[in-house]
Amino acid sequence: MADLNEETLTDAVIAQMASTPDPRMREVMESLVRHLHAFARDVRLTPQEWLGAIDFLTRVGQACTPYRQEFILLSDTIGLSRLVNLMDDKANRTGEATEASLLGPFYRENAPEFGHAESMATRAKGPEMILFGRILDDEGRGVPNAVVEAWQTDADGAYDLQANDPEVMDMRGRYHTDADGHYAVRTLIPLGYSIPMDGPVGAMVRQQERHGMRPAHIHVLVAADGYRELVTALYLGHDANIDTDTVFGVSESLVVNLRENLPGSPVPSLPSVRYDFRISKRAAGDTTGRVGADPSKIAAE
Ligand code: BEZ
Ligand code: FE
């Protein structure tokens, strides 16, 4: 019988799991056990601390509802969602394709359809803006009939799921590009907002004396036949928290600024952002780059 001690235990666990038939699962679980054990040794984890962690994870699970995914929020606030995003982008993004960003927990399937430059603010009120530009392929040609989905907070910094009856959709919409790949979204200027702070993840963020804010942003998902789905977001450069996003979603290439009288804006009287999104051809075996809400759980009825 093996004499288990702090040094031999890790290998004993891995040896027992070696019968796992799925090679990827075997690889992932072996690495997970090695790193978890190394972590516990590194911090000399005490029984009380481990029970505290289990209690925290239990509360994270209990905070999940069909409209709230506290585990994704945990993954976001410790940078794991963004890390998975960045690695996926590195493995699959080609050429000049636009960088990905977090899907976030507020994406919903079946957002309403709008025409070119029609406003997706159907209930919320506030100062307006236009987001317009083109969807381009790797060669810089416009992609016709691409779906451009946008969603964001209102001018008070709340998503529809937080502001209204969660059954009601607002501040989100689906647009289609024209024959030359042009799209235009009329919307409200989003406000930066606090991630949900009323659950166990919010308590953790407060304990760490972090502000819990995300800079103002507009989420964009671009889908077109034969192309890799692009899940990204544009961040407004004027936001005071642009460099300290609580969920680490901001990249320099995704920071934009509102301008007056931009040439080509479909509503020149409104401040606007022009942004051309580049998408790349879908490669064989490419899977979704989404790290965020499970759309089957947050679907419109
Ligand atoms: C968001 O983009 O809305 C978001 C992302 C991660 C956590 C919370 C909110
Ligand atoms: Fe968001």
_Among (1) over 17 Å from the mean Cα position of the chain (by Cα); (2) within 26 Å of residue 280 (Cβ to Cβ); (3) not charged (D, E, K, R), the one test that residue 83 misses_ = (1)
*If a residue has to be among the polar types (S, T, N, Q), within 16 Å of residue 203 (Cβ to Cβ) and out of contact with any Phe, Trp or Tyr (no Cβ under 9 Å at 6 or more places or on another chain) to count, how many in the stretch 44-87 make the cut?*
2
_Residues that are in a helix (DSSP H, G or I) and out of contact with any Leu (no Cβ under 9 Å at 6 or more places or on another chain), drawn from the stretch 190-204_ = 203
*Specify which of the listed residues (96, 128) is under 22 Å from residue 275 (Cα atoms) and at pLDDT 95 or above.*
128
*Name the single residue, out of those in the stretch 247-289 being in a strand (DSSP E or B) and at pLDDT 95 or above, that is surrounded by the fewest Cβ atoms within 10 Å (Cβ to Cβ).*
259
*Of the numbered conditions (1) at pLDDT 95 or above; (2) buried (at least 19 other Cβ atoms within 10 Å of the Cβ); (3) part of a loop (DSSP other than H, G, I, E, B), residue 185 satisfies every one except a single condition; which is it?*
(3)
*Any idea which of (1) away from ligand 1 (no atom under 15 Å from the Cβ); (2) of a type in the set (Val, Ile, Thr); (3) more than 27 Å from residue 278 (Cβ to Cβ) is the one residue 78 doesn't satisfy?*
(1)
*Mind listing just one residue for me: the one in the stretch 122-156 that is within 16 Å of ligand 1 (Cβ to nearest atom) and farther than 18 Å from residue 254 by Cα and, of those, surrounded by the most Cβ atoms within 10 Å (Cβ to Cβ)?*
154
*For the stretch 29-120, which helices (runs of 4 or more DSSP H) that fit wholly inside it have 3 or more residues that are touching a residue at least 24 places away in the same chain (Cβ under 8 Å) and away from ligand 2 (no atom under 16 Å from the Cβ)?*
47-62, 80-92
_Tell me yes or no: at least one residue of the stretch 271-280 is within 12 Å of ligand 1 (Cβ to nearest atom) and either under 21 Å from residue 145 (Cβ atoms) or of a type in the set (Asp, Glu) (or both)._
no
*Mind checking whether some residue in the stretch 213-231 is surrounded by fewer than 20 Cβ atoms within 10 Å (Cβ to Cβ), away from ligand 2 (no atom under 16 Å from the Cβ), of a type in the set (A, V, I, L, M, F, W, C) and without any contact (Cβ under 8 Å) to a residue 60 or more places away in the chain?*
no
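The values are calculated or read from the model by the stated rules, or taken from the named source; none is laboratory data. Model, not experiment: these values are computed from the prediction. We place every Cβ from the backbone using ideal geometry, glycine too, and count neighbours over all the protein chains shown.
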